[in-house]
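J.: This is the structure I have questions about; it appears just below.
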Amino acid sequence: MIFSKKFGLDISDNSIEVMELKKMFGKISLVSYGRTKLEGEVVKDGVIKKPEVLEKYLKEVLQQAKPKPITAKECVLSLPESKIYTHVFKMPANLDNDQIKNSLPYEAEKVIPFSTKEIFFDFKVLGKEKNQQNIFYAATEYNVIESYNQVLKKIGVKPIVFELESVSTARSLIRGKDIKSPVMVMDIGARSTNLSISYNGAIHISRIINVAGNHFTRVIAKEFGLTEEEAEKKKAKAGFDPTHEEAKIVFLLQKQFVRIIKESQEVINYFNDTTQLKVEKIILTGGSSQLPKLDEYLAENLSLPVEVGKPISGSKLKNKSVFTKQETLYANVTGLALRAASSKINNKDLNLNSIQVKKLQIVPAKTEKKQWKKIYVSAGIFILLAMFLGLLLLVIQRGMFMFKPPEFQKVNIEVDEALLEQFREGEEEKTIKQVQLPRLFISDQVQQLNVRSGPGYNFGVIDQVASGDEFDVIKEENGWYKIEISQNIEGWVVGDFVEIQ
């Protein structure tokens, strides 16, 4: 059987990486690879801002790939963790895959901050215990998947798999006996640091920290009065080397890494406590993983072995000598290309392009004859009812109605002008007070945000509000805000997806 060629595609806020691998007789060899930087806000936090510009960059990077252009028409693509919601659910051990798939949308409604009516999701069974099984659930909004589908369709490429960046990165970095051991991957990119713990070939926990390479560079530039380009060079040379002459830069970087170390330890402790296992090592990747002595600094502060990942040189890829670039930048796309080259591309790994909670269909498919019959009958009834009401209105207007409406006499009412003025002043004062309330705006990170009956995910969903909507803040409690949705209807929204002014 002849399989169509496929390639891995990694689109981030700052760059695009592509890679094609070929598998023959059980051996995988490197065919071609490429990378280009994105200038300006073409993509921001995983959201495509300029589709036409992105199309241009994609065409260029595929054409300019080395040692030869990539011409494959299908790809495996990853989505940034910031656009994916993950959760581990505990379900009865006797549920099969179909039962789990049907139950998850209802369970997810309780914990997902955005609307679950229009999403893509997938799941993976992490393990079973006596009476329950742990289900790793991942979901993203419909419009996120669709935006990438539309851009790739324009250049003649079909994405057949959408997966988590943490999954594809782990695939390229964790190999051999480490696959069966708990390993943390620390991906220090340009905008964020992604922490994930992999065990037995599956991601068990992940966390995003909004501190990474660009932030480190800006801190150094501000402290020394440098341009960001100059600060980047100093950062790359000094890193965490305590013997470097730029000791202040080393100190600044150590200070910025306090949060990363603290949250890494929290994630490790949580995994160790909830699974009764122990994380055995940490693998670094991302642009900032190349900072001098960073691995030694983290090993000392987290009391674990730390190594810089080698997706290419550390692999068994044939023909890897053609790879001449900084390989850590290709960790994610290497994992995507490995899946693309596999004959079992739709294996047990997650694919967010597989299960869709569909949008409400106003018009049924042409083949649904029974549904169309219902529509015709309903439309006929509606037309007859409209004709009857129109005829009734005409009869009343022409005075042909058998009953005459009662006549009413005019009544003169005297108004106390002084009392009316006091009422007006009170209303003006009330209006001024209302205007002084803080305003809450729904962030553009979500299309729809759940409104709950109380300040927490354990309260039921009573309504939804859309991105860009604004409301008065009535009350704040533990990171949740109480708003008035409409007259006499109040509810709570989580603070992670709102802006306060």
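J.: Within segment 110-145, take every residue that is surrounded by 15 or more Cβ atoms within 10 Å (Cβ to Cβ) and charged (D, E, K, R) and give me the one that is farthest from LEU449 (Cα to Cα).
T.: Taking the candidates together, the pick is LYS124.
J.: Using beta carbons and a limit of 9 Å, which pairs, at least six apart or on different chains, have the first residue in segment 338-360 and surrounded by 15 or more Cβ atoms within 10 Å (Cβ to Cβ) and the second one part of a loop (DSSP other than H, G, I, E, B) and modelled with pLDDT of 85 or more?
T.: That search, which allows pairs on different chains as well, returns ALA340/LYS5; ALA340/ALA72; ILE345/ASN351; LEU352/ILE84.
J.: Could you tell me which numbered condition GLU81 fails, if it satisfies all but one of (1) in contact with a Phe, Trp or Tyr (Cβ under 6 Å, 6 or more places away or on another chain); (2) closer than 23 Å to ARG171 by Cα?
T.: The number of the failed condition is (1).
J.: Continuing with this model, one more query. Could you tell me whether LEU30 is in contact with a helix residue (DSSP H, G or I) (Cβ under 7 Å, 6 or more places away or on another chain) and farther than 23 Å from ILE205 by Cα?
T.: Answer is yes for this residue.
Listed here are the residues, each with its yes/no results for (1) more than 23 Å from ASP444 (Cα to Cα); (2) surrounded by fewer than 16 Cβ atoms within 10 Å (Cβ to Cβ); (3) in contact with a helix residue (DSSP H, G or I) (Cβ under 8 Å, 6 or more places away or on another chain); (4) not hydroxyl-bearing (Ser, Thr, Tyr).
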{"residue": "PHE89", "(1), (2), (3), (4)": "yes, no, yes, yes"}
{"residue": "PRO92", "(1), (2), (3), (4)": "yes, yes, no, yes"}
{"residue": "ASP96", "(1), (2), (3), (4)": "yes, yes, no, yes"}
{"residue": "ILE100", "(1), (2), (3), (4)": "yes, no, no, yes"}
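J.: OK, next. Could you check PHE271 against (1) at pLDDT below 95; (2) closer than 24 Å to TYR330 by Cα; (3) within 28 Å of the chain's Cα centre (by Cα) and say which number it fails?
T.: With (1) at pLDDT below 95; (2) closer than 24 Å to TYR330 by Cα; (3) within 28 Å of the chain's Cα centre (by Cα) applied to PHE271, the lone miss is (2).
J.: Taking GLU223 and the conditions (1) assigned by TED's automatic domain parsing to the domain that holds PHE89; (2) surrounded by fewer than 15 Cβ atoms within 10 Å (Cβ to Cβ), which numbered condition does it fall short on, given that it satisfies the others?
T.: If we test GLU223 against (1) assigned by TED's automatic domain parsing to the domain that holds PHE89; (2) surrounded by fewer than 15 Cβ atoms within 10 Å (Cβ to Cβ), just (1) comes out false.
J.: Those residues that are without any contact (Cβ under 8 Å) to a residue 24 or more places away in the chain and assigned to a strand (DSSP E or B), I need them from segment 452-501; list them, please.
T.: Of everything in segment 452-501, those that are without any contact (Cβ under 8 Å) to a residue 24 or more places away in the chain and assigned to a strand (DSSP E or B) turn out to be LYS475, GLU476, GLU477, GLU484, SER486, GLU490.
J.: Output the number of residues of segment 30-52 satisfying the condition of being of a type outside the set (D, E, K, R) and within 22 Å of the chain's Cα centre (by Cα). Reasoning before the result, please.
T.: In the first step, residues of segment 30-52 are kept if they are of a type outside the set (D, E, K, R); the result is 30-34, 36, 38, 40, 42-43, 46-48, 51.
So of that shortlist, the ones also within 22 Å of the chain's Cα centre (by Cα) come out as 38, 40, 42-43, 46-48, 51.
Final tally of qualifying residues: 8.
J.: Could you tell me whether any residue of segment 243-256 is buried (at least 17 other Cβ atoms within 10 Å of the Cβ), within 30 Å of PRO182 (Cβ to Cβ), within 31 Å of the chain's Cα centre (by Cα) and at pLDDT below 95?
T.: yes
J.: In segment 13-37, which residues are surrounded by fewer than 19 Cβ atoms within 10 Å (Cβ to Cβ) and in a loop (DSSP other than H, G, I, E, B)?
T.: ASN14, PHE25, GLY26
J.: All but one of (1) in contact with a helix residue (DSSP H, G or I) (Cβ under 7 Å, 6 or more places away or on another chain); (2) at pLDDT below 90 hold for SER264; which doesn't?
T.: Only one criterion is unmet by SER264, namely (2).
J.: Continuing with the same structure: Quick check on my filter: what residues within segment 267-284 are touching a residue at least 40 places away in the same chain (Cβ under 8 Å) and of a type in the set (D, E, K, R)?
T.: LYS278, GLU280, LYS281
Here's the yes/no breakdown for (1) closer than 21 Å to SER192 by Cβ; (2) touching a residue at least 60 places away in the same chain (Cβ under 8 Å); (3) assigned by TED's automatic domain parsing to the domain that holds ARG207:
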{"site": "SER32", "(1), (2), (3)": "no, no, no"}
{"site": "ARG35", "(1), (2), (3)": "yes, yes, no"}
{"site": "VAL43", "(1), (2), (3)": "yes, no, no"}
{"site": "PRO51", "(1), (2), (3)": "no, yes, no"}
{"site": "LEU54", "(1), (2), (3)": "yes, yes, no"}
{"site": "ALA72", "(1), (2), (3)": "no, yes, no"}
{"site": "LYS83", "(1), (2), (3)": "yes, yes, no"}
{"site": "PHE89", "(1), (2), (3)": "no, no, no"}
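J.: Of everything in segment 199-233, what is among the hydrophobic types (A, V, I, L, M, F, W, C) and part of a strand (DSSP E or B)? Give them in sequence order. Before you say what the answer is, go through the steps one by one.
T.: Going through segment 199-233, the residues among the hydrophobic types (A, V, I, L, M, F, W, C) turn out to be 202-203, 205, 208-209, 211-212, 216, 219-221, 224, 226, 231.
ALA202, ILE203, ILE205, ILE208, ILE209 - these are the residues of segment 199-233 that are among the hydrophobic types (A, V, I, L, M, F, W, C) and part of a strand (DSSP E or B).
The values are calculated or read from the model by the stated rules, or taken from the named source; none is laboratory data. Bear in mind that the values here come from a model prediction, so they are computed numbers and not experimental data. A quick note on method: Cβ atoms are made from the backbone with ideal geometry, for glycine too, and the neighbour counts reach across all protein chains shown.
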